[in-house]
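The values are calculated or read from the model by the stated rules, or taken from the named source; none is laboratory data. Given the structure is predicted, the values throughout are model-derived calculations rather than measurements. All Cβ positions, glycine included, derive from the backbone under ideal geometry; neighbour counts span all protein chains shown. Accessible surface is based on the protein model in full, side chains and every heavy atom, while ligands, DNA and RNA are left aside. Shrake-Rupley method; radii C 1.70, N 1.55, O 1.52, S 1.80 Å.
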Amino acid sequence: MEWTRLVVLELGPGEVHAHECGDAEWIVLPLSGACTVRCAELEERGSAPDNAPRTPAGPEWPAGDISSGPEVFELRGRAGVFDGPTDFAYVPRDARVEIRSAGGGRFAIVGARCERRLPARYGPAAAVPVELRGAGQCSRQVNNFAAAGAFECDRLIAVEVLTPGGNWSSYPPHKHDEHHPGEESRLEEIYWFEIAPHGDTPGVGYQRVSPSPAGKTDILTEVRTGDAVLIPDGWHGPSIAAPGHDMYYLNVMAGPDRTREWLIRDHPDHGWIRSTWAGQDVDPRLPFHRTEDPQ
């Protein structure tokens with residue numbers, strides 16, 4: 001992918017992950033568990049390539065490399081992705097980051113190649129806008145933690161979508177792979193999935209991406225926990241949650257348009273479905289539990 005970035009970490013108790021931001025801005029997002037994020041901005045020294053070696057983080061970083069920091073963010077996190085929005089940490093390009101989890105857990109680092117270096121910041125869980133979209137069997141919940149109008153980034157747009165079992169989300173199919181001012185923005189996208197099990201039975205879902213005039217991506221795939229679907233172009237949707245298995249996916253978006261905005265076009269064959277929602281109720285299983293952040 002040219003613009004979007006994603007790293008998913010499994011950290012055991014006390015484990016540390018060192019991360020070089022390079023030419024991308026990033027958000028550290030707990031999927032399960034809590035962590036400490038330590039960030040130091042580096043001296044201007046050009047963009048680090050994606051394959052640059054990751055140096056293990058020690059207790060002190062060489063002072064000559066650091067222009068400011070380190071800053072430390074304590075992320076309270078959450079038990080799991082279906083347990084409400086989480087707090088998070090934004091870390092800028094040209095920075096060095098250390099993620100340490102005392103109790104262990106799973107953490108996503110979502111990123112986008114960018115130009116501006118914005119300040120490192122903490123995002124509280126209580127400030128994450130929660131949106132219910134659609135109605136009936138198209139009902140889903142969107143945690144807009146880094147949506148274009150919710151949290152400032154240079155290029156990165158990222159949200160979480162939670163779909164009750166048996167429902168369709170990312171529907172009607174839509175696209176954002178051409179620049180049409182005021183109508184559509186150019187954004188490539190990553191979907192990363194976690195599907196709730198039923199007892200000992202692992203969860204499963206399905207994802208469709210169909211070719212658009214601007215691209216040739218053509219996917220109909222089964223998705224399970226830990227799977228990612230890359231969408232450089234195309235009509236994407238539906239994301240189908242099997243009955244009995246709630247679906248979570250993390251959306252990471254970025255693109256070349258200078259204005260950071262999420263503008264989409266519905267598939268002309270399926271956009272009519274939106275007109276049916278006015279006469280239906282939102283699925284009563286929504287919203288998923290939200291844990292209030294005392295901070």
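Miscellaneous remarks
- For the chain, the solvent-accessible area with a 1.4 angstrom probe is 43 square angstrom per residue.
- Only protein heavy atoms count here; under a 1.4 Å probe, Asp281 has an accessible surface of about 130 Å².
- In this structure, the amide hydrogen of Asp257, modeled 1.01 Å from its nitrogen in the peptide plane, lies closer than 5 angstrom to those of Arg186, counting only residues at least 5 positions away or on a different chain.
- Global geometry of the range 125-262, whether rounded, prolate or oblate, following the gyration tensor of its Cα atoms and the 1.5 cut on a/c: oblate
- Short-range pairs are left out: with C-alpha atoms under 8 Å and at least six residues apart, the relative contact order of the chain is 22 percent.
- Summed residue charge, Cβ within 15 Å of Thr217's Cβ, Lys/Arg positive, Asp/Glu negative: -3
- Trypsin sites (Lys or Arg not before Pro) within the range 206-255, DSSP loop, no more than 10 other Cβ atoms inside 10 Å: Lys216
- Measuring between their Cα centroids, the range 199-215 and the range 157-173 lie 11 Å from each other.
- Evaluated on the chain, the Kirkwood hydrodynamic radius is 19.7 Å, with distances taken between all distinct Cα atoms.
- Note that the range 204-295 shows a convex hull volume over its alpha carbon atoms of 192 Å³ per residue.
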